[in-house]
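Asker: Mind having a look at this structure? Questions to follow.
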Amino acid sequence: MTEEFDKLAEFSKQLKSGELYESLVHKLEEFHREKKGQKRNKDIDLIQMQIEKKEEQIQKLLGDLIRLQNQLSDALDKELRA
């Protein structure tokens, strides 16, 4: 029973001194900072995925360009021989 009174007295002291309020504010600010950091990481991951998709599309287009260039070169060679 005295333990509970001691805990209540300590809680009362923390409440009166503002320690409890400061602790809660600090924890809340820390929580918001972490939440913002996680959102930024998600945004960065999303942008990175978009970049990777664009890189794949570019690689595909480059392959198509090389193939078309080879076909054009072959067609020109045939035309010059004829």
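Asker: Just one of F11, F31, F5 is exposed (fewer than 10 other Cβ atoms within 10 Å of the Cβ) and in a helix (DSSP H, G or I); which is it?
Answerer: Sole residue among the options that is exposed (fewer than 10 other Cβ atoms within 10 Å of the Cβ) and in a helix (DSSP H, G or I): F5.
Asker: Please verify whether K36 is modelled with pLDDT of 90 or more and surrounded by 10 or more Cβ atoms within 10 Å (Cβ to Cβ), treating the condition exactly as stated.
Answerer: Working: modelled with pLDDT of 90 or more: no; surrounded by 10 or more Cβ atoms within 10 Å (Cβ to Cβ): yes.
For K36, the condition - modelled with pLDDT of 90 or more and surrounded by 10 or more Cβ atoms within 10 Å (Cβ to Cβ) - is not met.
Asker: Let me confirm something: among L62, L8, which residue is modelled with pLDDT of 85 or more and aliphatic (A, V, I, L, M)?
Answerer: Only one candidate qualifies: L62.
Asker: Report, ordered by the first and then the second residue, all pairs with beta carbons closer than 6 Å, sequence separation of six or more or different chains, a first member in the range 17-45 that is on the phi < 0 side of the Ramachandran plot, and a second member that is modelled with pLDDT under 80 and surrounded by 10 or more Cβ atoms within 10 Å (Cβ to Cβ).
Answerer: Pairs found: L20/Q14.
The values are calculated or read from the model by the stated rules, or taken from the named source; none is laboratory data. As the structure is a computational prediction, the values presented were derived from the model and not from experiment. Don't worry about glycine lacking a Cβ; one is built from the backbone with ideal geometry, like all the others, and counts go over all protein chains shown.
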